[in-house]
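Notes to accompany the following structure.
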Amino acid sequence: MSDDPTLAEHADRLAIHELMYRYAKMVDFREWKLFDRVFAPDAVCDYRSSGGIQGPARAVMDWLDRALAPWPTNLHFVTNLSIDFEPGRGAASTTCYFLGPMARGEMGKDQLVISSSGLYVDRVRRTPEGWRIVEREMRMTIMQGQLPPGYVIPD
């Protein structure tokens, strides 16, 4: 960020923050209808660090939907967002931390909770509809808890 950021730069930063929050809401509440408000049509993702897949964003989100099906409760946090604009501010590289607790079972009884955390390393682009993710690499670095016996991460 320049020493004297413009109002437009502040607006772009705020819009990118909102994009990251929209992604978390989409995943946590399985609001896949938000996909086109999060990802560009040509977006690609790499979720291999969590046992997932790499490829077109829509295919990766389809995989994520299957992977999260046994975990009905998710509270996805994104924080520490760093944004580096490319010249002209039509694109940017971003990095943010994530913390993703997941739970299944009845609260207070046999509830199983695990959490994963790490980094999202993204490239975002301004489109006529707003900022969108064009490349996302999920770098999971910590998992707290254990997957239940017999649980298999889907293909």
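Structural remarks
- Here the gap between L34 and Q54, fully extended at 0.36 nm per residue and compared with their Cα-Cα distance, gives a gain of 5.2 nm.
- Percent RCO, i.e. relative contact order, over the chain, from Cα pairs under 8 Å lying at least 6 residues apart: 23
- Normalised radius of gyration (Cα atoms, divided by 2.2 N^0.38 Å) for the stretch 1-141: 1.10.
- Between W71 and V152, the modelled label-to-label distance comes to 1.9 nm, taking each label 7 Å out from Cα in the direction of the beta carbon.
- Accessible-area rank, largest first, for T141, T6: T141, T6, with all protein chains present and a 1.4 angstrom probe.
- Figure legend: label point modelled 7 angstrom from the Cα of A11 along Cα→Cβ; residues of the stretch 109-132 with amide N under 13 Å from it are 130-131.
- Equivalent-ellipsoid semi-axes for the stretch 71-153 (Cα gyration tensor, √(5λ), whole Å, largest first): 33, 12, 11.
- Relative contact order computed over the stretch 12-63 (Cα-Cα under 8 Å; 6+ residues apart), in percent: 21
- Solvent-accessible area of the chain (1.4 angstrom probe, protein heavy atoms only): carbon and sulfur portion equals 55 percent.
- When Rg and the Kirkwood Rh are both derived from Cα coordinates, the Rg/Rh ratio for the stretch 32-82 amounts to 0.97.
- For the chain, the solvent-accessible area of protein heavy atoms averages 56 Å² per residue (probe radius 1.4 Å; ligands and nucleic acids excluded).
The values are calculated or read from the model by the stated rules, or taken from the named source; none is laboratory data. Note that the structure is a prediction, hence the values are computed from the model and not measured. Cβ atoms come from the backbone with ideal geometry, glycine included; neighbour counts cover every protein chain shown. Side chains included, ligands, DNA and RNA excluded: accessible areas come from the protein's heavy atoms. Shrake-Rupley method; radii C 1.70, N 1.55, O 1.52, S 1.80 Å.
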